[in-house]
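The values are calculated or read from the model by the stated rules, or taken from the named source; none is laboratory data. All of these numbers come straight from a predicted model, not from anything done at the bench. So basically every Cβ, Gly included, is an ideal-geometry build from the backbone, and we count neighbours across all protein chains shown. Please note that ligands, DNA and RNA were not included when accessible areas were found on the heavy atoms of the full protein model with its side chains. Shrake-Rupley method; radii C 1.70, N 1.55, O 1.52, S 1.80 Å.
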Amino acid sequence: MRALILAASICALPAAAPAAPQEALTNVVVTMGDAVVQRAPDRAFVTIASEARARNPRDAQRQNAEAMAAVRDRLEKAGIAKEAVRTLGVDLQQESDFQQGRRIPREYVARNTIEVRIDDLPRAGDVLDVAVQAGAASIGGIRFDLRDRAAAEREALRLAVADARARADAAASGAGRAIDRIVKIEDAREIAIIQPRPMMTMARAEAPAAPTPIESGVIEIRARVTLTASMK
């Protein structure tokens, strides 16, 4: 009887690779940085409106168009370029009263509202006075801005990153470690521009006895970032 001998060979399998060390995932520090940049505004925007009332809508609209044309003409003569003026709204509606549950029609009211950009900030008060003298019905909504706002935003962002890095260095040093490299920087993209409160607010237009005072104050631009760094 012939015996069949089967030889079994045993192959040694390599050991499974060890899992990635958790140290690589936890050997980081995360900090937040904040910064505030203050700049004196060099540009202003103001809202100017004309208004007219009449018994019929055509007359109200015509009179209002004439009033706004006079305002824009005076603004142009005062040095305000045409491209610095844009229309915000044109409105025509009939006013009415309610007596004993009944609607009683009154006059038609037409309004035209524009926004004027003032690049020569020291002349802002004079520009408003010119608009009033030309027949503007109301002025207000003044706000201030920067011509090169992007540069101020980048400066605030740079300072916020520097603040986050300094905090990361302090945190690592407190743990007896040091920063190895920056892994990630996240810009919150919520750069806030804090408007100064102007002395002048919405007001009914009347011929001023003295130039309207405008105090622009300073604009605050805030930035925030999150920084992730590895430690050694």
>> Please state the shape class of the range 94-154: rounded when a/c is under 1.5, otherwise prolate if a/b exceeds b/c and oblate if not, all from the C-alpha gyration tensor.
In response: prolate
> At what distance in angstrom do the alpha carbon centres of the range 147-184 and the range 100-144 lie from each other?
Replying inline: 46 Å
>> Taking just the alpha carbons, could you work out the radius of gyration and Dmax for the range 87-192, both in angstroms?
In response: 27.1, 82
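What is the calculated FRET efficiency for residue 85 to residue 148, with r their C-beta to C-beta distance and R₀ = 22 Å, to the nearest 0.05?
Values: r = 22 Å, r/R0 = 1.00.
The computed FRET efficiency comes out at 0.50.
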>> For the range 50-101, place one equal point scatterer on every Cα, skip the solvent, and apply the Debye formula. What is log10 of I(q)/I(0) at q = 0.24, 0.30 Å⁻¹?
In response: -0.94, -1.15
> If the chain between residue 186 and residue 66 were fully stretched, how many nm would it gain, using 0.36 nm times the residue separation less the Cα-Cα distance?
Replying inline: 37.9 nm
>> Could you give each residue of the range 147-155 its phi-based ³J(HN,Hα) in whole Hz, using Karplus coefficients 6.51, -1.76, 1.60 with θ = phi - 60°, and x for Gly or Pro?
In response: 5, 10, 5, 4, 5, 5, 5, 5, 5
> For 121, 75, what's the largest-to-smallest order of accessible area, 1.4 Å probe?
Replying inline: 121, 75
> Which FRET efficiency value, to the nearest 0.05, do you get for residue 77 and residue 103 by plugging their Cβ-Cβ distance into 1/(1 + (r/R0)^6) with R0 = 35 Å?
Replying inline: 0.20
